[in-house]
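Single-structure report; data block below.
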Amino acid sequence: MIAQAGEGHVGPGVTLGAGALVHESAYVDDGAVIGDGSRIWHFCHVNGGARIGARCSLGQNVVVMNGVTVGDNAKIQNNVSLYEGVELEDDVFCGPSMVFTNVYNPRSAVSRKNEYRRTLVKRGASIGANATIVCGSTVGRYAFIAAGAVVNRDVPDYALVAGVPAKRIGWMSEAGFRLEVVAPAADSTSSEQLRCTGSGALYERRGDVVTRVEENA
């Protein structure tokens with residue numbers, strides 16, 4: 001493993017944080033920023049305009065293009081490409097072989113580099129293996145995208161979505177467990193109190209907005 005810029009395929013103009021390591025088979029181009037303690041594994045390619053936060057893990061054969069930003073503690077599993085226009089916040093999980101796009105209507109013979117659509121994955125969200133996130137979508141905080149789902153619209157915070165196209169089938173906690181209904185709220189039939197089946201933490205839903213309302217004791 002390489003721990004210093006200018007060695008192997010890590011350009012001398014790379015910013016490599018303290019404790020960050022790059023596998024000998026990976027390429028990191030000049031101008032890229034790799035945060036403290038991050039790991040870049042076999043056959044990855046990090047382009048020069050990419051910024052990767054601290055304590056991230058990029059599995060085998062991950063590509064990170066120019067202009068991509070990745071927050072802290074992100075886990076990018078094997079065979080994922082982060083194309084220009086993609087932004088991942090802290091604690092995001094991208095499952096094996098899931099797909100991002102950045103052009104909505106691609107044609108090989110038509111250049112549309114000026115039409116890239118931004119895709120934002122917010123803090124704590126998880127994207128399952130082989131899922132596809134169509135460009136221009138925002139995946140909300142702590143949302144959970146099931147394996148194989150195709151997301152073509154925004155996903156609310158804490159939503160559990162599945163299918164093609166993806167539809168909401170439930171709600172997930174910050175700990176990654178299904179939320180169960182405890183009791184409807186007294187003031188509105190569209191509101192209810194939810195509980196994490198794993199941690200016991202309480203949440204409240206009002207319409208399509210879920211918020212955490214109590215720390216687990």
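Rolling a 1.4 angstrom probe over region 68-217 with all protein chains present gives an accessible area of which 46% lies on carbon and sulfur atoms. P(r) tail, region 120-217: Cα-Cα pairs separated by more than 22 Å, 27% of all pairs.
Taking θ as phi - 60° and the Karplus parameters 6.51, -1.76 and 1.60, the scalar couplings of region 119-124 work out to 10, 10, 10, 7, 3, x Hz in sequence order, x denoting glycine and proline.
Find out how many positive minus negative residues lie around G35, taking Lys and Arg as positive, Asp and Glu as negative, among other residues whose Cβ is under 13 Å from that of G35. It works out to a net charge of 0. In this calculation the C-beta distance from V209 to V164 is compared with R0 = 22 Å, giving a FRET efficiency of 0.30.
Summing Lys, Arg as +1 and Asp, Glu as -1, what charge do residues with Cβ under 13 Å from the Cβ of E84 carry, E84 excluded? Counting the neighbours of E84, the net charge comes to +3. A straight line joining the Cα centroids of region 41-87 and region 117-168 runs 18 Å.
Using only alpha-carbon positions in the chain, the gyration tensor eigenvalues give semi-axes of 35, 21, 13 Å once each is multiplied by 5 and square-rooted (largest first). Compute the Cα gyration tensor for region 1-79, then decide on rounded, prolate or oblate, letting a ≥ b ≥ c be the square roots of its eigenvalues: rounded whenever a/c is under 1.5, prolate when a/b is larger than b/c in the other cases, and oblate in all that remain. Since a/c stays below 1.5, the shape of region 1-79 is classed as rounded. A 1.4 Å probe over all protein chains sorts Y142, Y104, Y203, Y116 by accessible area into Y104, Y116, Y142, Y203, starting with the largest. Can you tally the net charge around A159? Count Lys and Arg as +1, Asp and Glu as -1, for every other residue whose Cβ sits under 12 Å from the Cβ of A159. Around A159, the surrounding residues sum to +4. The residues of the chain present an accessible area of 48 Å² per residue when probed at 1.4 Å with all protein chains retained.
In straight-distance terms, cross-link reach from K113 covers every one of the aspartates and glutamates whose alpha-carbon lies under 18 Å from its own, apart from those fewer than eight places away in the same chain; here that gives E84, E87. By the Cα gyration tensor, region 31-72 has an equivalent ellipsoid whose semi-axes, rounded to whole angstrom, run 14, 13, 7 from largest to smallest.
The values are calculated or read from the model by the stated rules, or taken from the named source; none is laboratory data. Since this is a predicted model, take the numbers as computed values, not measurements. Heads up, the Cβs are rebuilt from the backbone with ideal geometry, glycines too, and the neighbour counts pull from every protein chain shown. Note: accessible area is taken over every heavy atom of the protein model, side chains too, but ligands, DNA and RNA are not part of it. Shrake-Rupley method; radii C 1.70, N 1.55, O 1.52, S 1.80 Å.
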